[in-house]
Structure formats: structure tokens, C-alpha cells
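The values are calculated or read from the model by the stated rules, or taken from the named source; none is laboratory data. Remember, predicted model here, so these are calculated numbers, not experimental data. Positions of Cβ are backbone-derived with ideal geometry, glycine not excepted, and every protein chain shown enters the neighbour counts. The area values use the complete protein model at the heavy-atom level, side chains included, leaving out ligands, DNA and RNA. Shrake-Rupley method; radii C 1.70, N 1.55, O 1.52, S 1.80 Å.
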Amino acid sequence: MTSPLSLSPAQAAARIAEFTVIDVRAPGEYASGHVPGALNIPLDRLSEAVPALKSAAARGPLLMVCASGVRSTRACDILAAAGIDAATLSGGTSAWAGEGRDLHHPAGARATWPMERQVRLAAGSLVVAGLLAGVRFPAARWISAGIGSGLVFSAVSNTCGMAAALSKLPYNRAPRAAAGPDDTLHALRG
């Protein structure tokens with residue numbers, strides 16, 4: 001499989017009007033600030049959006065965006081397997097904002113940590129808890145071993161079960177006033 005086209009924030013900004021921009025972060029992350037005009041389809045729901053994305057890609061190029069570029073690259077791979085070409089924003093919204101470009105912040109949205117940071121907090125907390133509990137109950141060290149094994153699997157497979165689980169938490173959901181997945185799919189179908 002070939003690597004997807006990766007655009008720097010400057011390259012993407014110069015051509016932003018050409019793209020249908022898809023943000024694949026969790027709704028809460030998206031609501032805390034996204035590339036202007038981006039539509040939200042969380043990575044774990046991307047497969048159900050393939051027909052609508054195929055329709056959107058027929059009208060013009062797709063630009064996939066996440067916080068750092070990891071999930072958007074994965075999204076490009078998923079779309080490529082379905083015969084849809086898409087580019088990824090190198091460095092994600094972090095790089096976009098880091099270059100001084102504006103992020104859209106919907107009214108009523110609250111700031112949410114990026115998913116990678118949430119995963120590091122959850123994984124680190126579980127490892128420390130397993131080690132501390134292991135002082136009294138030696139079998140509890142298996143918690144730390146399980147989390148470590150999960151992180152290795154996550155790196156090798158370029159997937160993250162913990163991120164998928166964390167994305168379901170209430171603070172990672174979009175505000176009630178935000179457009180839902182059906183609205184996004186309808187907009188993509190044009």
C-alpha cells in the first residue's frame with residue numbers, strides 16, 4: 001500500500017477551497033477546535049461513511065485531518081482500500097494552529113484534550129495503579145502487563161482500542177447543538 005499524499009499546513013491552506021475537509025477525531029475533540037469548514041466523521045465511524053465520501057470525492061479532493069496526522073493517515077488508508085483517494089494534513093490541527101492558522105470553535109463547545117493525551121493519561125494511570133496494587137496483591141501487576149501489551153499491539157497494528165473506548169465517554173461527544181453524523185453524511189452526499 002502506498003503512503004497517502006501528505007500536505008503541510010501551508011500547502012493545505014493554499015488549496016483549502018478545493019478540498020472537502022474531513023476531521024476524523026472524536027466529536028468532543030472536533031468541537032474544541034477544527035480546521036474551518038471541516039466536517040466531522042470519527043475514525044471509528046468512517047467505514048459507514050464510505051459511500052458518502054465516495055460521492056464527495058467525485059466532486060473534488062478530500063483532505064483528512066486529526067490532531068497530529070496519525071488518525072488521518074489511517075483514514076486515508078481505509079479510504080484507499082475502498083478506492084477513494086484522499087490527502088492527509090501533516091501534523092494535523094496541532095501543526096495547523098502552530099503555524100498561526102485559525103481553528104473554528106463552535107459556540108458552546110468545551111475544550112477537550114487530544115485523544116493521544118487522553119490515551120497516555122489512561123494507560124499511564126492504569127500501569128501505575130497495577131504496580132501500586134501489586135505491592136499488596138501481586139496478581140494486580142498483570143494489569144500493567146496487559147496495558148503494556150496493548151500499547152505494543154497498538155503501535156504494531158496502528159490501531160488503538162483504548163482510544164476507541166475513550167471516544168465513547170461523554171466529554172468526547174459533540175455538544176447537543178452540533179451537527180450529528182446524519183447531517184454530516186447528508187452534506188457529503190451533496
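State the extension gain, in nm to one decimal, for the chain segment bounded by LEU103 and ALA82, taking 0.36 nm per residue of separation less the distance between their alpha-carbons. Net length gain for the segment: 4.6 nm. For the listed peptides 77-88, 123-134, a ranking on the average number of other beta carbons within 10 Å per residue, highest first, reads 77-88, 123-134. Normalised by the number of residues in the range 1-85, the mean separation of alpha-carbon contacts (under 8 Å, six or more apart) gives a relative contact order of 35 percent.
Note: the range 35-102, Cα convex hull, 78 Å³ per residue.
In deg cm²/dmol and to the nearest 500, what is the mean residue ellipticity at 222 nm of the chain if only DSSP H runs of at least 4 residues count, each as -39500 (n - 2.57), divided by the residue total? Provide the component values of the computation, followed by the final result.
Details: 9 runs with 94 residues, N = 190.
Rounded to the nearest 500, it is -14500 deg cm²/dmol.
Between ALA67, ALA14, ALA163, the GNM of the chain built on Cα springs shorter than 10 angstrom shows ALA14 fluctuating the most.
Counting every alpha-carbon pair across the chain, the share separated by more than 26 Å comes to 35%. Can you tell me the FRET efficiency between ARG117 and ALA17 if r is taken as the Cβ-Cβ distance and R0 is 22 Å, rounded to the nearest 0.05? It comes to 0.10.
Averaging the sequence gap over all C-alpha pairs within less than 8 Å and six or more residues apart, then dividing by the number of residues, gives the chain a relative contact order of 28 percent.
Under a Gaussian network description of the chain, with springs only between Cα atoms under 10 Å, the residue in VAL135, VAL21, VAL50 that fluctuates furthest is VAL135.
With q set to 0.20, 0.31 Å⁻¹, the log10 of I(q)/I(0) for the range 106-160, from the Debye formula over equal scatterers at the Cα positions, is -0.74, -1.13. Accessible surface area normalised per residue over the chain is 54 Å², counting heavy atoms of protein chains with a 1.4 Å rolling probe.
Geometric descriptor of the range 94-135, per residue, is 80 Å³ (volume of the convex hull of the Cα atoms). Here the range 1-154 exposes an accessible surface that is 62 percent carbon and sulfur, computed with a 1.4 Å probe and the other protein chains kept in place.
Stretched out straight at 0.36 nm per residue, the stretch from VAL156 to ARG141 would grow longer than its current Cα-Cα span by 3.1 nm.
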